[in-house]
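Engineer: Below you will find the structure I want to go over with you.
The values are calculated or read from the model by the stated rules, or taken from the named source; none is laboratory data. This structure is a prediction, so every number in the text was calculated from the model and none was measured. Every residue, glycine as well, gets a Cβ built from its backbone with ideal geometry; the counts of neighbours run over all protein chains shown.
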Amino acid sequence: MSSVIAADSQVIFHFTIKLEDGSVADSTQLGGKPARLVMGDGSLTPSFEACLLGLSAGETKSFTLAPEQAFGLPNPDNIHHLDRAKFGADAEPEVGAIIGFSLPNGGEIPGIVRAVEGMSVTVDFNHPLAGHTVTFEVEILAVDEELEEA
């Protein structure tokens, strides 16, 4: 008998995230490698995790989440105007490019170049899916004890 996903379950699943127009924003199906998750570990937002609660191995489900439940709304404070000189010759900023920026703690954060005007580069540090209603499709492959067999 398969386990039901609970607040502390380990889960292996495939997911697809689709935008309002039906285009695929992300999918584990494309690479053929399912996601592995420990519920509550922070790798998914609470709203995404809530969609998984109560599902069991073999189930598929589709959920539509508003921006506030998914990746949030764009925050204007996350848009920065940087001096073009801060970009090295090997990292010429182009509109639409995603560039990794180093954080003081040694981590990295991606930013999307939104505009390049003279010596000013506008970089958006909001999540790329912020502001979008998304459809979250899941196929649960294994839960808890099935993981030892998988």
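Engineer: Quick one: which of 93, 67, 74 is in a loop (DSSP other than H, G, I, E, B), modelled with pLDDT under 90 and either assigned by TED's automatic domain parsing to the domain that holds residue 52 or on the phi < 0 side of the Ramachandran plot (or both)?
Structural biologist: Working: 67 fails: modelled with pLDDT under 90; 74 fails: modelled with pLDDT under 90.
The match here is 93.
Engineer: Tell me which of these residue 68 doesn't satisfy, since it passes every other one: (1) under 30 Å from residue 8 (Cα atoms); (2) in contact (Cβ under 8 Å) with a residue 24 or more places away in the chain.
Structural biologist: (2)
Engineer: I'm told residue 40 meets every condition in (1) touching a strand residue (DSSP E or B) at 6+ places or on another chain (Cβ under 8 Å); (2) in contact (Cβ under 8 Å) with a residue 12 or more places away in the chain; (3) more than 15 Å from residue 140 (Cα to Cα); (4) assigned to a loop (DSSP other than H, G, I, E, B) except one. Can you identify the failing condition by its number?
Structural biologist: With (1) touching a strand residue (DSSP E or B) at 6+ places or on another chain (Cβ under 8 Å); (2) in contact (Cβ under 8 Å) with a residue 12 or more places away in the chain; (3) more than 15 Å from residue 140 (Cα to Cα); (4) assigned to a loop (DSSP other than H, G, I, E, B) applied to residue 40, the lone miss is (1).
Engineer: Out of 16, 45, 28, report the one residue that is hydroxyl-bearing (Ser, Thr, Tyr) and touching a His at 6+ places or on another chain (Cβ under 8 Å). Step through it out loud before you land on a result.
Structural biologist: On the way: 16 fails: touching a His at 6+ places or on another chain (Cβ under 8 Å); 45 fails: touching a His at 6+ places or on another chain (Cβ under 8 Å).
That would be 28, the only listed residue that is hydroxyl-bearing (Ser, Thr, Tyr) and touching a His at 6+ places or on another chain (Cβ under 8 Å).
Engineer: Name the one entry in 21, 8 that is loosely packed, with under 14 Cβ neighbours inside 10 Å, farther than 23 Å from residue 56 by Cβ and of a type in the set (D, E, K, R). Quick ask: steps written out before the conclusion?
Structural biologist: Numbers: 8 fails: farther than 23 Å from residue 56 by Cβ.
Within the list 21, 8, the selection yields 21.
Engineer: What tally of residues in segment 96-133 results from selecting those that are free of Cβ contacts under 8 Å to residues at least 40 places away in the same chain, in contact with a His (Cβ under 9 Å, 6 or more places away or on another chain) and not in a strand (DSSP E or B)?
Structural biologist: 0
Engineer: For segment 77-90, give me each residue that is part of a helix (DSSP H, G or I) and either of a type in the set (Gly, Ala, Ser) or in contact with a strand residue (DSSP E or B) (Cβ under 7 Å, 6 or more places away or on another chain) (or both). It would help to see each step written out before you state the result.
Structural biologist: Of all residues in segment 77-90, those part of a helix (DSSP H, G or I) come to 77-78, 84-86, 89-90.
Scanning segment 77-90 gives 78, 84, 85, 89.
Engineer: In segment 29-44, what residues are within 14 Å of the chain's Cα centre (by Cα) and either crowded, with 17+ Cβ neighbours inside 10 Å or of a type in the set (Phe, Trp, Tyr) (or both)?
Structural biologist: 37, 44, listed by residue number.
Engineer: Among (1) touching a residue at least 60 places away in the same chain (Cβ under 8 Å); (2) touching a strand residue (DSSP E or B) at 6+ places or on another chain (Cβ under 8 Å); (3) loosely packed, with under 13 Cβ neighbours inside 10 Å, which single condition is residue 136 missing?
Structural biologist: Failing condition for residue 136: (3).
Engineer: Would you be able to say whether some residue in segment 48-57 is closer than 23 Å to residue 110 by Cα and in contact (Cβ under 8 Å) with a residue 12 or more places away in the chain? Walk me through how you get there before you give the answer.
Structural biologist: Restricting attention to segment 48-57, the residues satisfying the condition of being closer than 23 Å to residue 110 by Cα are 48.
Keeping just the survivors that are in contact (Cβ under 8 Å) with a residue 12 or more places away in the chain gives 48.
Among the residues of segment 48-57, at least one is closer than 23 Å to residue 110 by Cα and in contact (Cβ under 8 Å) with a residue 12 or more places away in the chain, which makes the answer yes.
Engineer: Report, by residue number, each residue of segment 51-96 that is of a type in the set (Gly, Ala, Ser) and surrounded by 14 or more Cβ atoms within 10 Å (Cβ to Cβ). Walk me through it before giving the result.
Structural biologist: Kept after step one, since they are of a type in the set (Gly, Ala, Ser), are these residues of segment 51-96: 54, 56-58, 62, 66, 70, 72, 85, 88-89, 91, 96.
The answer is 56, 57, 70, 72.
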